[in-house]
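A quick write-up on the structure given underneath.
The values are calculated or read from the model by the stated rules, or taken from the named source; none is laboratory data. None of these values were measured; they are calculated from a predicted model. Because the Cβ atoms are built from the backbone with ideal geometry, glycine has one as well, and the counts that use them run over all protein chains shown.
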Amino acid sequence: MRHVMFGLMLSLVGCSAGVSFDSTWEAVDDHRIFSSIRATDLNGDGIRDVVVGHGKETLPKEGFVTARDGASGALLWRIETGDEMVGSAALGHLTDDDAADIVIGGRDGKLYAIDGTAGRLLWEFNADVPLGQERWLNFYTPQFVGDVDEDGHPDLLVANGGDSGLPPFFPRPPGHLVLLSGASGGVLSVSQTPDAAETYMSALPYRRASDDVDLVVFGTGGETKAGSLWVVDFDEVLRGDIGSAIQIIAPLADRGMVAPPSLVDLTNDGTPEIVIATFDGRLIAIDGETLDAIWAVEVDEAETWASPAIGFFDDDSVPDVFAAFSIGRLPDYRESVLVAVSGATGKELWRQTFEQPIVTSPLAVDVSGDGKDEIIIALSPLFTGDQVVLLVDPDRRDSSMLIERTARSFGTGLVADLDGDGSIEYVGSSFDGDNSLIERRDLGVPTPDRISWGAYLGTDYDGAFGG
């Protein structure tokens, strides 16, 4: 594919905290990027490479998955999928080599396992498998859950739902939680949502420390349909019946739970709390043991697709929360509100309004070296206008613009020390028209002891804060 510079579209506007944001490479490809960036060393050179899905939902439908060399941006491999890849890659070991393999989902029952080293297809989900009276819809971001079927390979938990072909407010088919064989992609179990509502949220497993019970948190509803946040025992998912799921957040209006929650222990009991930004403008922390609300923050007239970032923004030892909301009603968003909240108390630490809406999720990393995290986040219009990448310092109550250009961002970027040289990099994506851009930028600051929230669903891609 093409590998050219987007130089006419980019201007460096500002920086702070010593961040340079210098370009290392840029790679241009076809179609938009809804998928979020993943990084893992695929070619054995010690540098993490970049994996992402592409596509378009308009006819004729097209899509593909690419892996690019983390050092140069050169294409390592490309797998055609025939439809847009809306999920982000799960990384696990399905083959016998040392490199991670990739499982990634898309629209209309598309789900693929790919050999990360060779770029060859390991298996494709069989969308002809019966699903009662329904058909297979979008596969979202999977999670590896251990060897459920005891065949020596890790298996997968993934949500399936959503139908982009239906108009807003039109009746929607129910979503499902699915357990799949990692070895073959075969269905191990499938469970309809307890309220028979649609689902767009990637399901996340977690463990309750008090009794070592494995649980799954998942959401229902969408942008125009009411839905709830639920928790269910993993054993019920395995049995294929989640009717016993506990509703932990109910809807307020005709909107549901779209963005996955973030899992972080705020109470120091060993069990992660469930922190979610709902599509009706609430930011809520739920105790992972009791399933009671700990605190809540509301943003008026707000909606969001963005999962919260977890980091340290104040002076205590409890992780804090950063969330992003668009103001208005889909598709008529007029601005965004970014808010930092104390994880211990729910007190707002910082809030600011910006002109551009938000689709992507925030990243949290300490670039100033003061032990507190800054935020990197891409604001973007839904249709036409300028993409802005911001650096936000909630502690200093400051923000600055790193990039402004004519483009849009739907997939979340990544912050990591890709090459292990002690300096961190940012890898982001954007698109304009039918061209997409993936870029690596050196931040020019030392790698901190921890990267608090380095990617969509966290630094380890599992929705959990690792400290």
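Given Asp101, Asp97, which one is touching a strand residue (DSSP E or B) at 6+ places or on another chain (Cβ under 9 Å) and among the acidic types (Asp, Glu)? Walk me through how you get there before you give the answer.
Details: Asp97 fails: touching a strand residue (DSSP E or B) at 6+ places or on another chain (Cβ under 9 Å).
Of Asp101, Asp97, the one residue that is touching a strand residue (DSSP E or B) at 6+ places or on another chain (Cβ under 9 Å) and among the acidic types (Asp, Glu) is Asp101.
Has the range 359-369 got at least one residue that is part of a loop (DSSP other than H, G, I, E, B) and without any contact (Cβ under 8 Å) to a residue 40 or more places away in the chain? It would help to see each step written out before you state the result.
First, pick out the residues of the range 359-369 that are part of a loop (DSSP other than H, G, I, E, B): 359-362, 366-369.
If we keep only those that are without any contact (Cβ under 8 Å) to a residue 40 or more places away in the chain too, we end up with none.
So far as the range 359-369 goes, no, none of its residues is part of a loop (DSSP other than H, G, I, E, B) and without any contact (Cβ under 8 Å) to a residue 40 or more places away in the chain.
What is the number of the single condition among (1) under 16 Å from Leu391 (Cα atoms); (2) under 23 Å from the mean Cα position of the chain (by Cα) that Ser368 does not meet?
Against the list (1) under 16 Å from Leu391 (Cα atoms); (2) under 23 Å from the mean Cα position of the chain (by Cα), Ser368 comes up short only on (2).
In the range 92-109, which residues are farther than 16 Å from Leu179 by Cα and in contact (Cβ under 8 Å) with a residue 60 or more places away in the chain? Walk me through it before giving the result.
Within the range 92-109, the subset farther than 16 Å from Leu179 by Cα is 93, 95-102, 106-108.
Of everything in the range 92-109, those that are farther than 16 Å from Leu179 by Cα and in contact (Cβ under 8 Å) with a residue 60 or more places away in the chain turn out to be His93, Ala100, Ile102.
Could you go through the range 439-454 and let me know if any residue there is in a loop (DSSP other than H, G, I, E, B) and hydroxyl-bearing (Ser, Thr, Tyr). Can you show your working first?
Step one: of the range 439-454, the residues in a loop (DSSP other than H, G, I, E, B) are 447-452, 454.
With the extra rule that they be hydroxyl-bearing (Ser, Thr, Tyr), the set shrinks to 447, 452.
Yes; the residues of the range 439-454 include at least one that is in a loop (DSSP other than H, G, I, E, B) and hydroxyl-bearing (Ser, Thr, Tyr).
For the list (1) buried (at least 24 other Cβ atoms within 10 Å of the Cβ); (2) more than 22 Å from the chain's Cα centre (by Cα), I need the number of the one condition that Leu414 fails.
It is condition (2) that Leu414 fails.
I'm trying to understand the selection: among the residues of the range 50-81, which are farther than 15 Å from Ser35 by Cα and either out of contact with any Phe, Trp or Tyr (no Cβ under 7 Å at 6 or more places or on another chain) or aromatic (Phe, Trp, Tyr) (or both)?
Those that are farther than 15 Å from Ser35 by Cα and either out of contact with any Phe, Trp or Tyr (no Cβ under 7 Å at 6 or more places or on another chain) or aromatic (Phe, Trp, Tyr) (or both): Thr58, Leu59, Pro60, Lys61, Asp69, Gly70, Ala71, Ala74, Leu75, Leu76, Trp77.
Tell me the residue from Ser164, Ser202 that is surrounded by fewer than 24 Cβ atoms within 10 Å (Cβ to Cβ) and either over 17 Å from Leu330 (Cβ atoms) or within 23 Å of the chain's Cα centre (by Cα) (or both), please. Outline the logic, then answer.
Details: Ser202 fails: surrounded by fewer than 24 Cβ atoms within 10 Å (Cβ to Cβ).
From the options Ser164, Ser202, the qualifying one is Ser164.
With the checklist (1) surrounded by 24 or more Cβ atoms within 10 Å (Cβ to Cβ); (2) within 17 Å of Ala309 (Cβ to Cβ) in hand, flag the one item Ser399 doesn't pass.
Just one mismatch for Ser399, condition (1).
Of all the strands (runs of 3 or more DSSP E) wholly in the range 116-204, which have at least 2 residues that are modelled with pLDDT of 95 or more and either out of contact with any strand residue (DSSP E or B) (no Cβ under 8 Å at 6 or more places or on another chain) or more than 25 Å from Ser244 (Cβ to Cβ) (or both)?
Working: elements: 121-124, 156-161, 176-180, 187-192.
Of the strands (runs of 3 or more DSSP E) lying wholly inside the range 116-204, those with at least 2 residues that are modelled with pLDDT of 95 or more and either out of contact with any strand residue (DSSP E or B) (no Cβ under 8 Å at 6 or more places or on another chain) or more than 25 Å from Ser244 (Cβ to Cβ) (or both) span 121-124.
Suppose we keep only residues that are among the acidic types (Asp, Glu) and surrounded by fewer than 23 Cβ atoms within 10 Å (Cβ to Cβ) within the range 367-396. Which one would you say is farthest from Asp315 (Cα to Cα)?
Narrowing the range 367-396 to residues among the acidic types (Asp, Glu): 370, 373-374, 386, 393, 395.
Subsequent filtering for residues that are surrounded by fewer than 23 Cβ atoms within 10 Å (Cβ to Cβ) retains 370, 386, 393, 395.
Numbers: Asp370: 11, Asp386: 35, Asp393: 14, Asp395: 9 Å.
Here the answer is Asp386.
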